[in-house]
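**Q** I have a structure here, written as structure tokens, and I will follow up with some questions on it.
Readers should treat all values here as calculations from the given coordinates under stated rules, not as data from a laboratory. Predicted model, so just to flag it, every value in this text is computed and none were measured. Here the Cβ positions follow ideal geometry from the backbone for every residue, glycine too, while neighbour counts run over all protein chains shown.
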Ligand SMILES: [Zn+2]
């Protein structure tokens with residue numbers, strides 16, 4: 001288990017050593033604490049993708065998707081799915097073989 005992924009229900013509160021907030025979500029808006037864009041913003045996606053393999057990342061993001069849908073009931077499910085999950089599979093992979101591991105929906 002990777003501690004840096006904040007697995008579980010805890011609220012983020014980390015800051016980088018230079019004091020700048022990391023690209024983490026804020027509830028209930030689900031906007032980035034650092035750049036204010038809808039989370040996961042591009043810097044957050046880059047960090048998440050670098051920290052985790054695709055399957056763990058998909059599981060991790062589904063947990064967030066569930067909470068975000070509860071916090072933002074007016075957003076359409078396809079929009080939320082794209083925002084939280086689709087980007088994981090849309091990212092280029094370094095090894096073709098990892099494609100066989102993609103989660104196709106549960
Ligand atoms: Zn950000």
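**Q** Sort 44-51, 69-76 by the packing proxy (mean of other Cβ within 10 Å over each peptide's residues), most packed first.
**A** Listed from highest to lowest mean packing, they are 44-51, 69-76.
**Q** For residue 87 and residue 47, compute 0.36 nm times the residue count separating them, minus their Cα-Cα distance, and round to one decimal in nm.
**A** Contour length minus the Cα-Cα distance gives 13.1 nm.
**Q** According to a simple spin-label model (label point 7 Å from Cα along Cα-to-Cβ), what is the distance in nm between residue 75 and residue 31?
**A** Simple spin-label model gives 1.3 nm for this pair.
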